[in-house]
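The values are calculated or read from the model by the stated rules, or taken from the named source; none is laboratory data. The model shown is predicted, which means the values in this text are computed figures rather than measured ones. Neighbour counts are summed over all protein chains in view; Cβ atoms, including those assigned to glycine, are modelled from backbone coordinates with ideal geometry. Calculation scope for accessible area: heavy atoms of the full protein, side chains included, ligands and nucleic acids excluded. Shrake-Rupley method; radii C 1.70, N 1.55, O 1.52, S 1.80 Å.
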Amino acid sequence: MSTQSIDLPLGNYQVQQQQADKKQKLAKPATPVSTLLKSASSLLVKHSFLSFAGLIMVFPFVWMLSGSMKSNDEIFSNPLNIFPEQFRWQTFVETFESAPFGLYIMNSFTVAFFTTLIVMINSAMFAYAITQLKFKSRTVLYFIVMACYMLPGAVTYIPSYITLANLGLLDSHTGLIISNAASVFGVFYLRQVFLKVHPSLIEAARIDGAGEVKILWAIVLPQCKAALATLFLITFITNYNSYMWPSLLITSQDLNLIATGIRQFFIAEGNYGLNWSQIMAASTIAVMPLLILFIICQKTILSGIADNGVKE
Amino acid sequence: MAEVILRQVEKVYPNGFKAVHGIDLTIHEGEFMVFVGPSGCAKSTTLRMIAGLEDISDGQIMIGNKCVNNLPPKDRGISMVFQNYALYPHMSVYENMAFGLKQQKINKREIERRISDAAETLEITHLLASKPGEMSGGQRQRVALGRAMVRKPDVFLFDEPLSNLDAKLRVSTRISIAQLHHDLKAEGQNATMIYVTHDQVEAMTLGDRICVLDQGKIMQVDTPMNLYHSPANKFVAGFIGSPAMNLLRATVNQENDATYIQLDNGAKFLLPSEKAEKVTGKIGQQVWFGLRPEHISLVAPSTEAATAQEQNIELTYIKVVESMGNEMYLYCALGQEQIIARCHFDPKINIQHSESHYMHFDMSHCHLFDIDTEMALVN
Ligand SMILES: Nc1ncnc2c1ncn2[C@@H]1O[C@H](COP(=O)(O)OP(=O)(O)OP(=O)(O)O)[C@@H](O)[C@H]1O
Ligand SMILES: [Mg+2]
C-alpha cells in the first residue's frame, strides 16, 4: 500500500474550488463543434492515462490474488498469467489453518487501532493549539514539528528501544502503541486543514461560551471529517502493516503483528519450504481488513463538506 | 441593562501597529451606538476589544459597572453578529441557536421556548431544520441575528452585518434590526447595541448616536442630525453626507463692514452676520469653506441676467449631470475648483453637460473650519 497515492482532502477549500469550477463550466456558452471534438479527444487522453495509471496501481494486488490460487510450479512457469489454470480456493483455507492468522490480524488491528486513536487525538489537539490559540511560542512549536519531519525514522530506533526498555515495555503491545503515538504527519496535515476553518466560527463559539476542547470537538472536527478519515486511514494502514519496528520490539510468538507473523511462518521458519502460493494467500488475507476499512472510509473522504457557513 | 464605558482604550497589535489611540466613550444603557469610519479606522478592532476577542493593550472597558478587561467573551454578557454570519455549517438552524444556550446549561424547555420566540420574530420558523448551506444570505443573517437574540445579552455587537447582502435585502434586514431594538425595549429588555458599519445610510438611520472614527481616534460622537448639521471638524463634514460636502480652501475677507469668503479664483460669497461674528479673528486668513451640495442651487435661466450681479451667485461650467429621477447631481467646475450641486429635478429646466449655468450658494448653511486644526469655526 503506498500512501502517496491517496489524494489528501484539505478541508473545504478544494470542494468549493471544484464547485466554482463546475459553475464556470455551466455558465459557458454553447461551443462550436471543433472545440467539442478537441475537448472529447483531451478527455480520451486523460481517461486512458488515468486508466493506465490505475492498472499499474492495481496490478500487484491482482497478481498477488492470482498467485495465491496457482500452484507453486505454475507461479514460476507462467508468472504473468493473471488467470490461473485452476482456481484453487482451498489454498486460502489451508493457509489460514496453518498459522494463527486470526490472532495476528487481531494483534495488528488492536495495535493499529489504539495507536491511530491516540495519534488522532493528540494531533488534533496540537494542531488546534498552533492554529487557533494565541501564544508566543506557537511558531517555534510548529518549526520543531517540521524539523522532526525531516528526521529519518530509523535514527529513532535505538533511543526509543532504550527508553522502552527502561520503562519495561519491550515485547508488549503497550510499548508498541506508546512508541508510535505521536505523528508528525498528523500534526502537519491537520494544521493545514484547521487553517481553513474560518476564525469567525471559533470566535462565535467562544462568545457562545464553549471552552477550547468543546470548540475543537463540536465545531472544528465535524467540519474536517474528510481529513480525519484520511488521517485515520493512513495512520491505521501504516501501523497495521508496520514491520521493522515491531520485529525489533516483539519477541513472543503470540504477540506478533501480521507482517512479522507472515514472515516467521512462511519464510523464516521454512517448514513449508518457500511456498509462494501460500505466502500470496497469507498476504491477501492480511490486506483484506484494510480493504474493508478503506471502503468504509472512502465515502467520508470523498463526500467532503458542502459549505463552511461563512460568506467570504 | 448595561452601560458600556471605554476609558483611554488603546490597541497595539503584536506586529507593533498601533490601531487604536486612546478612545473615551460612554454608551448608555439601551442605546443604539453606531461606529462609522473609513476602512482601516479600527472600528472592528474596537468592537472586538469590547467583545473580548482582542486583548486591550491599555485603558479599561466597563460593561454594566464591571471592568471586563480580563473576562473571557462568554462572561461579558454580549452577543455578536458577524459580517460573514459565522453559522456553524454542520448544525441545523435550531442547533446553531441552541449551541450557546446549551453551554450555559439552560434547560431544554426554556431553550425551545426562546428559539421558537426568536424564530417567530425573525420569520425563520420554517428554516429551523435546515443547514446554513441551504439558505440564502438574507436568511443566514437572520439566523445569525436569532442566535444572538436567544442568549438575551445585555449588549449586542454587530460587525458590518449587512455588507454581504444585496441592496434590497440590506434595507429590509436593516429595518429588522431597528425593529428588534424597539421590540426588546418594549419587552423591558433594554439591550445596548453597538453596530459597526462603513455605510453612512445605515449609520444615520439606525443610530441613536454615531461615533465617527478615523485612524483609531474618535472624531465626533453625536446624534445623526447633529453630525450632519454641526460637524465638529472637517473630517466629519466630509465623511457624513452623500454626495459629500464641498470643501474648498478660501480666505476670510472684510470689505465695507461685510465679511466675505473669497475663493482662490476670485469668487466671493457674503457671510451672514451671525456667522461672520464667529470669524472676526480670522480676517485675512485661510480657512476651509464647506457647503453641502443641496445648498447650491440652479438659478432659473429666465432670471439669470437680472440676478447675475446679485450676491452669492456664480457662473459654473457643468461637466457631468447625474439624474436620480427625483433629483440631479451636477458636477461643476468653478474656476479650477470642483463642486457638486444637488438640485430637485424640474422638467421645465433642461440641463445638459458642457454648459455654463448660474448657481446660488446658500451661505446661511455654510461651514468654516480652521485650516490647521480642521476644527469647526462656524457651523
Ligand atoms: N491582526 C492584526 N495585526 C496587525 N494589524 C492589524 C490586525 N488587524 C487589523 N490590523 C490593522 O488595524 C487597523 C484597523 O483594522 P480594523 O479591522 O479594525 O479596521 P476597520 O475599521 O474594521 O476596517 P474595515 O471597514 O475595512 O473593516 C488596520 O489598519 C489594520 O491593518
Ligand atoms: Mg472591519
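Note on A:ALA154 and B:ALA333: the model spin-label points, each 7 Å out from Cα along the C-beta direction, lie 8.1 nm apart. Considering the stretch A:91-308, its Cα convex hull presents a mean projected area of 14.4 nm².
Using a Förster distance of 22 angstrom, determine the FRET efficiency expected from the C-beta separation of B:SER130 and B:ILE175, and round it to 0.05.
0.40
Each label was represented as a point 7 Å from its Cα along the Cα-to-Cβ direction; for B:ASP117 and B:THR223 these points are 3.1 nm apart. To the nearest ten degrees, helix B:167-186 and the longest principal axis of the Cα atoms of chain B are 60 degrees apart. Summing Cβ point charges (Lys, Arg +1; Asp, Glu -1) relative to the Cα centre of the stretch B:4-239 gives a dipole of roughly 440 debye. Placing unit charges on the Cβ atoms of the charged side chains and taking the dipole of the protein assembly as shown about its Cα centre, the candidate lying farthest along the positive direction among B:GLY64, A:PHE114, A:SER242 is A:SER242.
Calculated FRET efficiency, A:LEU80 and A:MET244, Cβ-Cβ r, R0 30 Å, to nearest 0.05?
0.45
The length gained by stretching the chain between A:PHE96 and A:SER252 to full extension, at 0.36 nm per residue less their Cα-Cα distance, is 54.1 nm. Per residue of peptide B:41-53, the mean number of Cβ atoms on other chains within 10 Å of the residue Cβ is 1. Extension gain for the segment B:GLN262 to B:GLN286, taken as residue separation times 0.36 nm less the Cα-Cα distance, is 7.7 nm to one decimal.
Students often get this wrong, so check it: of A:LYS136/B:LYS102; B:LYS11/B:LYS66; B:LYS152/B:LYS185, which have C-alpha atoms separated by over 24 Å? Listed pairs above 24 Å: A:LYS136/B:LYS102.
The alpha carbon gyration tensor of the stretch B:246-378 gives principal lengths a ≥ b ≥ c with a/c of 1.5 or higher and a/b greater than b/c, which makes the shape prolate. Please check chain B for the longest run free of trypsin sites (Lys or Arg not before Pro) that are loop-located per DSSP (anything but H, G, I, E, B) and have at most 15 other Cβ atoms within 10 Å. Maximal segment without exposed cleavage sites: B:106-347.
Look at the alpha carbon pairs under 8 Å that are at least 6 residues apart: their mean separation over the length of chain B gives a relative contact order of 15 percent. Quick check: the angle from helix B:93-103's long axis to the longest principal axis of chain B, C-alpha only, nearest 10 degrees? The answer is roughly 70 degrees. Taken across both chains, chains B and A shield about 2100 Å² of accessible surface from a 1.4 Å probe.
One decimal place: the segment A:GLN298-A:PHE59 gains 84.0 nm when fully extended, by the rule 0.36 nm per residue minus the C-alpha distance. Taking a ≥ b ≥ c as the square roots of the eigenvalues of the alpha carbon gyration tensor, the protein assembly as shown is prolate, as a/c is not under 1.5 and a/b beats b/c.
Give the shape of the stretch B:4-239 as rounded, prolate or oblate, defined through the alpha-carbon gyration tensor: a ≥ b ≥ c are the square roots of its eigenvalues, a/c under 1.5 means rounded, and otherwise the shape is prolate if a/b is larger than b/c and oblate if not.
Prolate, because a/c is 1.5 or more and a/b exceeds b/c.
Under the simplified labelling scheme, the B:LEU315-B:GLU187 pair shows an inter-label distance of 6.5 nm, with each label point 7 Å from Cα along Cα→Cβ.
Between A:ASN180, A:ILE219, A:LEU231, the Cα set farthest toward the positive side of the dipole of the stretch A:174-271 (charges on each charged residue's Cβ, about the Cα centre) is that of A:ILE219.
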